[in-house]
Amino acid sequence: MPQSLPTDHPTPLDPEGGPGAGSGAGSAAPLGAGLDTGVDTGLDVETDVDAGARPSGAPGEILLELVDDEGVTIGTAEKLWAHQQPGRLHRAFSVFLFDRQGRMLLQRRALGKYHSPGVWSNTCCGHPYPDEPPFVAAARRTAEELGVAPALLCEAGTVRYDLPDEASGLIEREWNHLFVGLVTAPVRPAPEEVDDYAFVTAEELRALEAERPFSVWFRTVFEAALPGIREIAGNSW
């Protein structure tokens with residue numbers, strides 16, 4: 001790995017799968033072909049990205065869904081308050097997108113974020129608005145942060161965790177809905193959300209984790225999503 005990981009701007013792919021055959025994680029080419037995961041998939045995601053309108057409330061206030069130990073909604077809470085110690089269990093989502101070469105799209109979070117700024121993490125993560133389906137929230141937020149909607153998005157289970165972040169003093173107590181899928185269009189990240197991005201192989205991910213700081217939740221959600229990741233991107237992961 002180079003000392004400074006270069007941004008890997010993807011080449012637009014044509015409808016037949018485009019370039020990249022025989023490179024990257026080659027066991028998954030073409031990715032998604034004949035895929036039968038047994039879970040719901042969304043092939044027309046772009047029509048849904050505006051379905052979750054931001055709820056009304058105090059100016060600048062973002063509300064999250066609080067859940068019980070079974071993942072059932074029990075109320076709402078302001079976003080920052082829910083992340084302050086001791087934390088409140090709330091609904092979240094994590095997205096892992098891959099190109100047709102089997103490489104995972106990572107982002108480095110913008111330096112201006114109050115939570116985990118400047119660290120590398122998975123493609124996209126966030127919180128549904130109250131009453132917003134997690135699938136819709138995942139597609140919406142991916143488009144908002146990275147300027148591209150997933151070409152394919154599949155549910156990959158849920159994971160619960162309690163992870164304190166020593167750098168910020170905040171805590172992640174989340175019931176996290178996992179999604180994996182494909183991205184085939186150019187990435188155009190929003191600078192206020194994303195400082196940098198890269199497509200990486202499994203080997204490159206391990207090297208990057210050894211060199212650079214990652215979000216406290218990345219390894220937990222990655223391992224929980226691995227069965228779904230391997231269905232999309234192949235067993236090299």
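The values are calculated or read from the model by the stated rules, or taken from the named source; none is laboratory data. Treat the numbers as computed from the prediction; the structure is a model and nothing was measured. Because the Cβ atoms are built from the backbone with ideal geometry, glycine has one as well, and the counts that use them run over all protein chains shown. Heads up: the accessible areas ignore ligands, DNA and RNA and are worked out on the full protein's heavy atoms, side chains in. Shrake-Rupley method; radii C 1.70, N 1.55, O 1.52, S 1.80 Å.
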So if I take the centroid of the Cα atoms in region 222-237 and the same for region 82-109, what is the distance between those two points in Å? 15 Å
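For the pair residue 162 and residue 226, what calculated FRET efficiency results from E = 1/(1 + (r/R0)^6), where r is the Cβ-Cβ distance and R0 = 22 Å, to the nearest 0.05?
Once the sixth-power term is evaluated, E becomes 0.60.
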If you build the Cα gyration tensor of region 101-213 and take the root of 5 times each eigenvalue, what three semi-axes come out, in whole angstrom, biggest first? 20, 19, 15
Taking a 1.4 Å probe, which of 161, 114 shows the most accessible area, and what order do the others take after it? 114, 161
Computed over region 156-210, the distribution of all Cα-Cα distances in 5 Å bins, rounded to whole %, is 4, 12, 11, 15, 30, 23, 5, 0
Go ahead and run the numbers for FRET between residue 78 and residue 207, Cβ-Cβ distance against an R0 of 41 Å, rounding to 0.05. 0.60
What list of ³J(HN,Hα) couplings, whole Hz, do you get for region 67-83 from phi and the Karplus terms 6.51, -1.76, 1.60, once you set θ to phi - 60° and write x for glycine and proline? 10, 8, 5, 9, x, 8, 5, 10, x, 10, 8, 5, 4, 5, 4, 5, 9
